[in-house]
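Before any comments, here is the structure.
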Amino acid sequence: MLKMKEFGVPNPIIEVDLDDASISWDSSFPVERLLELISFLLEYARDELGCDRRALINVRDWPFVMIHHPERLLQFVRGIVALPAGPGGIRPMGLMVEEPTGLFFASECAHWTRWLRDDCMTGWEDAKLLTHVHKQWGMADAVVLDMLASGADGIWCSLAEEGAAMGHTCSSVTLANLARLGNKKVCRKFNTKNLVKAAVEVTKQTAGRAPDPRQTVYGP
């Protein structure tokens with residue numbers, strides 16, 4: 001955040017790991033302490049960066065905390081919901097969840113998304129719930145679509161799949177699938193031919209080469 005202040009970047013993404021076994025969650029560092037730390041960072045963003053409730057919280061190990069400690073995630077999210085909202089408040093604009101391994105099925109992630117939206121985020125109905133899914137076993141795009149159908153608002157990612165070591169679901173493929181499935185808002189809001197051109201250019205800038213010959217949606 002000091003670097004953000006130096007470069008005039010106002011809106012932080014604050015990442016948390018809730019399934020970290022090295023943390024003494026039941027003794028010296030309970031969820032309440034984590035919420036105090038998050039509040040400090042959000043207050044700094046408001047006072048020093050000029051962030052006007054546009055911060056986001058990313059649960060970086062989301063599937064694993066869902067499996068091992070869902071009650072911890074519930075307590076954490078409800079603590080975020082309870083932060084001061086409105087003008088001068090620090091409650092962020094939304095929650096981001098990450099599937100960092102590509103291991104989990106669409107049905108699992110969809111169920112967890114619905115639980116997050118309906119149970120954890122009660123009282124935070126205007127919040128954004130965004131997803132980010134890494135590739136590995138070929139199911140990532142289906143995971144994103146099922147999460148969007150189950151309460152997520154959007155996908156945070158690049159236009160192209162290049163990025164992390166194993167790649168990730170990208171917005172050009174997701175938007176193309178939404179349009180293919182009949183989402184008229186996507187067709188009104190985006191020029192899909194230009195999205196393809198942009199995804200090709202992002203790939204060239206990121207990887208130093210054109211998209212792979214069999215790349216879905218924006219490949220040749």
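The values are calculated or read from the model by the stated rules, or taken from the named source; none is laboratory data. Owing to the predicted nature of the structure, the values given are computational and were not obtained by experimental measurement. Because the Cβ atoms are built from the backbone with ideal geometry, glycine has one as well, and the counts that use them run over all protein chains shown. Side chains included, ligands, DNA and RNA excluded: accessible areas come from the protein's heavy atoms. Shrake-Rupley method; radii C 1.70, N 1.55, O 1.52, S 1.80 Å.
Between the alpha-carbon centers of the range 1-80 and the range 157-207, tell me the distance in whole angstrom.
Answer, in whole Å: 29.
Looking only at 22, 172, 39, which one moves most when the chain is put into a Gaussian network model with springs between Cα atoms under 10 Å?
In the Gaussian network model the winner is 22.
Restricting attention to the alpha-carbon atoms of the chain, what are Rg (one decimal) and Dmax (integer), both in Å?
Every Cα atom of the chain included, Rg and Dmax give 18.4, 56 Å.
So, in nm, how far is label residue 197 from label residue 210 when the simple model puts each one 7 Å beyond its Cα toward the Cβ?
In this crude spin-label approximation the distance works out to 1.6 nm.
Amide H of residue 18: which non-local residues (sequence gap of 5 or more, or other chain) have their own amide H closer than 5 Å, using H built in the peptide plane?
60, 61
When DSSP assigns beta bridges and you keep just the ones with both residues in the chain, what percent turn out antiparallel, to the nearest 5? Spell out each step's value before the answer.
Working: 1 of 17 bridges.
Close to 5 percent.
Would you mind working out the accessible area per residue for the range 127-220, using a 1.4 Å probe, and quoting it in Å²?
Numbers: 5250 Å² over 94 residues.
Ligands and nucleic acids excluded, the result is 56 Å² per residue.
Taking Cα atoms, how many degrees apart are the long axis of helix 70-81 and the longest axis of the chain, rounded to 10 and kept between 0 and 90?
That helix lies at roughly 80 degrees to the long axis.
On a 0 to 90 degree scale, rounded to 10, what angle separates helix 171-180 from the longest Cα axis of the chain?
Approximately 70 degrees, to the nearest ten.
Tell me the carbon and sulfur percent of the accessible area for the range 120-220, rounded to whole percent, probe radius 1.4 Å.
Looking at the range 120-220 in its full context, I get 54 percent from C and S.
Place a +1 charge on the Cβ of each Lys and Arg in the range 84-190 and a -1 charge on the Cβ of each Asp and Glu, then give the dipole magnitude about the Cα centre in debye, rounded to the nearest 20.
Charge dipole of the range 84-190: 480 debye, to the nearest 20.
On a 28 Å Cα-Cα criterion, which of the cross-link pairs 3/193; 128/189; 5/193; 3/189; 128/185 come out too long?
From the list (3/193; 128/189; 5/193; 3/189; 128/185), the Cα-Cα distance tops 28 Å for 3/193; 5/193; 3/189.
Percent of Cα-Cα pairs per 10 Å bin, from 0 to the last occupied bin, for the range 1-121, please list those.
12, 42, 33, 12, 0
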